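Step one of this worksheet: look at the structure below.
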Amino acid sequence: MAIEAVDTRARGLRNRREAEVVGLGGVLRRLDWILLLALAGVVGYGLWAIDGITRHDPGGSAAPRQGLYAAVGVLLFIAALFVDPDTYRRFRRPIYFGTLGIMVFVLAAGAATRGSHRWINLGFFTFQPSEFGKVLFVLVLAGFLADRARSISAPEVPLGALGYGLVPIALVFVQPDIGTALVYTAALAAVLFVAGVRWSHLVVLITLTVVFALAVLWLLPAAGVNVLKPYQAARLTGFTHPSTDPQGATYNLRQSITAVGAGGLRGRGIVGATQTRLNYLPEHATDFAFASLAEEHGFFGASILLLLYLLVVWRALKIVAGARDLYCAIVAGGIAFMFLFQVFVNSAMTMGIAPITGIPLPFVSVGGSSMITNFLAIGILQAIYLRRPARRFS
Amino acid sequence: MASSGVGARGRFLPGDPRTSEPYRLTPQTALRVAVLAFLALGVFAVLFLRLWALQVLSGDRYLAQANDNRVRTLYLEAQRGPILDRNGKVLVENVPGTRLELWPADLPKTWKAQLTELQAISKVTGTSVSGMVAQLKEHGSDPLTPIVVQRGLRQDQIDYLEERAAQFPGVQTQDSFLRKYPYQSLAAQVLGYVGQISEQEYKQKKKAGYQPTDSIGQAGVESEYDTYLRGKNGTAQLTVDSLGRPKGPATLVTQASPGEALRLTLNIGLQRAAEQALRYGISLAHTGIEGKYADGGAIVAMDPRNGAILAMASYPTYQPSIYVGHADAQKLAPLIDLKAAAAANYPGINRAIDATYPPGSVFKPVTALAAMQAGIVHPFDQILCSPDFKDHGQTFLNWTPLIDQWIDLPTALAMSCDTYFYELGKRFYDLPAYQGHQLQGWATRFGLGELTGVDLSPEAKGLIPTPEYLRQRYPASKGYGVLDRTWKPGYSIQMAIGQGQVLVTPLQMTRLYAMIANGGKLVTPHLADDVELTGSNSQPARVLRRFGAQPAQPSGVDPTALRYVQQGLEEATHASFGTGVGVFGSFPVNIAGKTGSAEKNVTLPGDRYPQNLTQSWWCGYGPYLSPTITVCAVIENGGHGGTAAAPAALRVFEQYFKKTANVTQHASD
């Protein structure tokens, strides 16, 4: 009450928030329908594409299974609509440490079985905590930064966020899942950026990151210290010289570029796409799904998907701009950028202009964790949009 | 922007962060969202441009690549042409076999899995893993052409691999042909052998239509006439998946056409006789003290009229079949490993063309002819044949001290009198400079120190030393003294009896004696007669290309001078004082020829220091009046020519004329 006494705009805000009682009708009325249609478009198009991509695989079409994951995703999406983003902010510490706990558990369980360190097998579903962790990571860091909005220019704040962020990044990195670690890093950069960290601090951080990357990839190996295993480094740098080792590190890349190029304007069709069908393109259902889609459906088919992605990113950025508070803006910004980053790195890697990392193509690559997480992310965007204030700045 | 941002922020009261702070989109945040939006546009622009570049601008190229990926061109091996002797007897033929191919593109992608598979293959077929790894490494850049790692798989091995095709991605078996040698080791160095084309050879011969899976002649006539023998590979196309598994049967594109038959001038009967004669000569040498280290040699039989080689034997020899199919490293070692080769006395070397020896007395006809041509001796001049010859304080010994008489040129040849030729050597040395080096000049004109042009390689040139050669060989710049570089009278004297630095190959000597036999014409030795399509039962063979004899070149020697040399050679085998009379005297066909016992410093295998051993020579021809065969035999370290080489050569004549001789005694020199 005190606030309303001094600031009428705050009072108005409070009133509007009270008006936002989220009944079903209100939700439907206030949803971003363009984003929803774009989402439906991407998911539908992705399911249709993955059916063609995996039809000739030994396991048969992955579309039904992907459809099931999408259904689970839709449920999570709807649930997310009804959760006020503030809830995440309030519970950010339990979320953060809970996620870290699960990641450590996965690592420990993987070490014990000498297996991979990424998944928890739930029987019907292998659960990949680092995928879900992406969204939670953004929610937690956004909370940390929004709480310190007024002292954002002080160097301690970005440094603190960095400290918070580097722990899960390191845990993912040692799984080893370099691709996901990169996505986390991109999300960290995005939240710092949207939260308003000073340009000079950003420049320092970017410089440090570049130096770090150079050190890991070139300087330290030259000095005899191998942070990455040689095959990892080869995959990351292979795209700069694709023909060096056609049978080894750059085999996938060469086959992928061939697949994309062979697609031509109209695509080779599902039967004619020999790179995919005869399995020359490895991992065509997951990491190289974009190349497969481009081979089967050509420039037109791939462009449709990219345009749908662009639509999602555009709406996400609109949501950042129209968010009700800084926290929501940071969350939306983080999600938007993370989405853009994944789309870019995945499709660019299949075309030989980005390093090869195991980043899935959102809503297309086969994989439940990724599908469900992306639904959750868009759900949170919609939840933020639902709670937007009335248009004041248009 | 920053200042307006501060101003905008200033309008807010300081708030309690725990309440929902009043929020508005500050221009600062708006700017950052705009930056993100531009970034997004930039990112999508890049993606679209790249997609456009790949799919629309270079789409055709990648489409072709994708098709190459999927379609494998298989090369259907052409049956290699057989090799025949002059009478059509098959010396080399083919038997069907199966070869094992690795397709690098279809092998497992990780090195570890690849090694596991190679080990599994090795277990089944016995192919060495390190060999396959080396081949793969060498092959390197081209994953879409196969590597042949073995020929001659057994049926059970083929069955095993085919039944478990899924366990062996990138492994294929193909029909192939293997060489077969009905006469085993006969003429091994002449025939040569066939082997997998190496990466280097492939790169050189790619343009000539060779494929990386081809076999190629590696030595002998197999190598020399490979283009005729190899035939033409057929091709078939096969669609495969990424594991190299065929999707449907292969479709034939072009049929393979078999290679042509190569007919040689060799007479397999004479060849066998020559090889047996070599072994016989070596065993004879072993009975004498001087020949106890005899361990190798060569015999060449040639038609002096046209240069057709009738037999070419080299000892020690090997079985060419050890190169066929599954190569046994231990058996191959003497042919490919330097140390093992030295221990086995280099069985891979064709001593007839690629080994050089000092000729010794078989060189004397050259000295005699050159001396007559230079006018420094008349055939009837009497020169003292003494036990030794003194010049500039040096003493040169005759091979026998039991003589002291005046003799003419034919007799000197027949008796092989060294001191007679020492005198000629001295006269050569004393010739005025403007006359040049007559002895060397004629030796070179007779083909010594030069390639014979035989259709085999590698061929050694030998050496006819000259003063110029000495200056070049021992330059002052490398610290050689003036004495090293100076041509001394002793050199000419030594050279007159085929010693000193003179080195010749058995084939060069054969050509020289062919020239003496045919009246002064230098023939080109050759092995290939023609290439032909072998006829079936009713049809005769059709000759496609005749190589035959090249026209003989006149040597420029005076026919009269040649007559005296011929006479000397005939006396050598028939006159009572001839050095070869004990061997050839009773042979029903009139053979003319010359013995030779050439001293050479030889370091025997296992020895540290060289010792002076005698190389046993005999060269000659028959029948004397109308010669049809020239034979040269050399037994390495075999002692005197009359002991080992002459009886060996006689065996060849016996086979050739189908007549036997009654060897009474062993002549000397």
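Read-outs: derived from the displayed coordinates by stated rules, not from any lab. No experiment lies behind these values; they were computed from the predicted model shown. Here Cβ is always computed from backbone atoms with ideal geometry, including for glycine, and neighbour counts include all displayed protein chains.
Observations on the model:
- The peptide list B:307-319, B:191-203, put in order of mean Cβ contacts within 10 Å with the highest first, becomes B:307-319, B:191-203.
- Look at the alpha carbon pairs under 8 Å that are at least 6 residues apart: their mean separation over the length of region B:566-644 gives a relative contact order of 26 percent.
- Within 10 Å of each Cβ in A:307-319, the average number of Cβ atoms from other chains: 3
- Rough spin-label spacing in nm, given labels placed 7 Å along Cα→Cβ, for B:GLN611 and B:LYS478: 3.0
- Rg/Rh (Cα only; Kirkwood hydrodynamic radius) as it applies to region B:480-546: 1.36
- Alpha-carbon radius of gyration plus Dmax, which is the widest Cα pair, for the protein assembly as shown in Å: 45.5, 152
- Pairs beyond 27 Å (Cα-Cα), from B:LYS112/B:LYS206; B:LYS89/B:LYS659; B:LYS364/B:LYS488; B:LYS180/B:LYS658; B:LYS137/B:LYS205; B:LYS426/B:LYS478: B:LYS112/B:LYS206; B:LYS180/B:LYS658; B:LYS426/B:LYS478
- Helix A:92-113 vs. chain A, principal-axis angle (Cα, 0 to 90°, nearest 10): 20
- Counting Cβ atoms of other protein chains within 10 Å of each Cβ in B:34-46 and taking the mean gives 6.
- Length-normalised contact order for region B:71-264 - Cα pairs under 8 Å, 6+ apart - percent: 36
- Legend: calculated FRET efficiency, B:LYS488 to B:LEU384, from the Cβ-Cβ distance at R0 = 35 Å, rounded to 0.05, equals 0.95.
- Partner chain coverage, peptide A:320-331 - average Cβ within 10 angstrom: 4
- Partner aspartates and glutamates whose Cα lies under 16 Å from the Cα of B:LYS292, excluding those fewer than 8 positions away in the same chain, are identified as B:GLU599, B:ASP607, B:GLU636.
- Per residue, the average separation of C-alpha pairs within less than 8 Å and at least 6 apart gives region B:360-533 a relative contact order of 24 percent.
- Cα long-axis angle, helix A:199-214 against chain A (0 to 90 degrees, to the nearest 10): 20
- Cα gyration tensor, region B:360-533 - rounded (a/c under 1.5), prolate or oblate: oblate
- Note on region B:53-151: Cα convex hull, mean projected area over all directions, 10.0 nm².
- Loop-located GluC sites (Glu not before Pro) in region B:94-184 (DSSP state not H, G, I, E or B) with no more than 12 neighbouring Cβ atoms inside 10 Å do not occur.
- Neighbour-count ranking [beta-carbon atoms within 10 angstrom, fewest first] of B:CYS385, B:CYS619: B:CYS385, B:CYS619
- Peptides ranked, highest mean first, by Cβ atoms within 10 Å: ranges B:551-558, A:323-330: A:323-330, B:551-558
- Relative pair counts by distance (%), Cα atoms of chain A, 10 Å bins: 5, 21, 31, 26, 12, 4, 1, 0
- Each Lys or Arg adds one and each Asp or Glu subtracts one; over the other residues with Cβ under 12 Å from the Cβ of A:THR350, this totals -1.
- With each label modelled as a point 7 angstrom along the Cα→C-beta vector, the B:GLN119-B:ARG471 pair spans 6.7 nm.
- Averaging Cα coordinates gives a centre for region B:462-530 and one for region B:597-643; these two points are 17 Å apart.
- Computed FRET value (nearest 0.05) for B:GLN184 with B:VAL133, which takes r as the C-beta separation and R₀ as 30 Å: 0.35
- Legend: ranking of residues B:ILE353, B:ILE158, B:ILE383 from fewest to most surrounding C-beta atoms inside 10 Å; resulting order B:ILE158, B:ILE383, B:ILE353.
- Two-site FRET efficiency, A:PHE105 against A:VAL204, from Cβ-Cβ distance with R₀ of 30 Å, rounded to 0.05: 0.30
- Taking every full run of DSSP H in chain B, the ones that stretch at least 20 Å from end to end by Cα along their long axis and average 0.0 or higher on the Kyte-Doolittle scale are B:27-52, B:268-287.
- Sorting the segments B:370-376, B:608-614 by their mean number of nearby beta carbons within 10 angstrom, highest to lowest, gives B:370-376, B:608-614.
- Counted charge near A:ILE95, where neighbours are those whose Cβ lies closer than 14 Å (Asp, Glu -1; Lys, Arg +1): +4
- Neighbour-count order for B:ILE635, A:ILE34, fewest beta carbons within 10 angstrom listed first: A:ILE34, B:ILE635
- Each of B:GLN501 and B:LEU451 was given a label point 7 Å from its Cα along the Cα-to-Cβ line. The distance between the two points is 2.2 nm.
- Shape index of region B:71-264: Rg/Rh, with Rg the Cα radius of gyration and Rh the Kirkwood radius from the inverse mean 1/r over Cα pairs, equals 0.98.
- The angle between the Cα long axis of helix A:368-386 and the main principal axis of chain A comes to about 30°, on a 0 to 90 degree scale.
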